[in-house]
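These notes are about the structure you will find just below.
Values in this text are rule-based calculations from the coordinates and carry no lab data. It should be emphasised that the depicted structure is a prediction, and the values quoted were computed from it without experimental measurement.
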Amino acid sequence: MSYYPYDTVPVKITLIGEKMNYEIVTLEKKIVAGVSARTSNNSPDMYSTIGGLWQKLYGGIAQSMKNRTNKKAIGLYCDYNEDGTYTVLTGCE
């Protein structure tokens, strides 16, 4: 199980026609627990890596979390490196 406290600034993006509008919103600090992996958009197994995390989360991990604050799932992308790799976490608050 991976734990990530985060207090970054999320960005809300909406697409209107061909123009992208965004709004920066501030959220309170959260702790997300779940399963994580390192990948990159250039990795040939990126889709299966991320899909596998969601399968693990919904395959029993989310249901076994006793201190969840709600029933929502979170996909968190963080720890970006210059080489294009990043951490992706599927989890719950």
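Worth pointing out:
- Volume in Å³ per residue [convex hull over Cα atoms, computed for the range 26-93]: 88 Å³
- The tail of the calculated P(r) for the range 25-64, taken as Cα-Cα distances beyond 11 Å, holds 69 percent of the pairs.
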